[in-house]
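The values are calculated or read from the model by the stated rules, or taken from the named source; none is laboratory data. It should be emphasised that the depicted structure is a prediction, and the values quoted were computed from it without experimental measurement. Neighbour counts run over all protein chains shown; Cβ positions are idealised from the backbone, glycine included.
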């Protein structure tokens, strides 16, 4: 394997390693606020900008509609979100954060900020901005496939 191939492989492996570590940290944080998965945090975060349809939530979080429906139902049972029919399209279900959902998200953001600072503050702002740009490009490229 040439150096380019080794570098690509190394990047992929390191992304998975980073993902596993973030998942471990995230599971600990969400368990402290009564959520059962990191994906539920992603859903609450996606809803922080306003109500979204199940379809849009799935697109924003890269979760299938079938899985999204189950996750939203569990969030609903926990009192974190409510659902309602879209007045403009009766086939579409919209999801909204409850006050508990908003409070939970605010707590998670505080936890996340404290946790992020432990590792992210070690990077210069320019490094962090460059890294974020690279991640966004990778996400866009993977979405094209």
Looking at residue 85 and the list (1) within 28 Å of residue 120 (Cα to Cα); (2) over 15 Å from the mean Cα position of the chain (by Cα); (3) surrounded by fewer than 12 Cβ atoms within 10 Å (Cβ to Cβ), which single condition is not satisfied?
(1)
Restricting the stretch 56-75 to residues that are over 13 Å from the mean Cα position of the chain (by Cα) and exposed (fewer than 15 other Cβ atoms within 10 Å of the Cβ), the one modelled with the lowest pLDDT turns out to be 65
Test residue 95 against the criterion of being within 20 Å of residue 105 (Cβ to Cβ) and in a loop (DSSP other than H, G, I, E, B), and give yes or no.
no
Give all pairs with beta carbons closer than 6 Å in which a residue from the stretch 1-27 that is under 14 Å from residue 119 (Cβ atoms) meets a residue that is at pLDDT 85 or above and assigned to a helix (DSSP H, G or I); count only pairs at least 6 apart in sequence or on separate chains.
26/38
Quick check, is residue 111 under 24 Å from residue 18 (Cα atoms), in contact with a helix residue (DSSP H, G or I) (Cβ under 8 Å, 6 or more places away or on another chain), part of a helix (DSSP H, G or I) and at pLDDT below 90?
yes
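Are any residues in the stretch 28-49 in contact (Cβ under 8 Å) with a residue 12 or more places away in the chain, exposed (fewer than 15 other Cβ atoms within 10 Å of the Cβ) and out of contact with any strand residue (DSSP E or B) (no Cβ under 8 Å at 6 or more places or on another chain), and if so, which ones?
First pass over the stretch 28-49, keeping only residues in contact (Cβ under 8 Å) with a residue 12 or more places away in the chain: 29-30, 32-48.
The next check asks that each one be exposed (fewer than 15 other Cβ atoms within 10 Å of the Cβ); those that pass are 32, 34, 36, 48.
Answer for the stretch 28-49, where residues must be in contact (Cβ under 8 Å) with a residue 12 or more places away in the chain, exposed (fewer than 15 other Cβ atoms within 10 Å of the Cβ) and out of contact with any strand residue (DSSP E or B) (no Cβ under 8 Å at 6 or more places or on another chain): 32, 34, 36.
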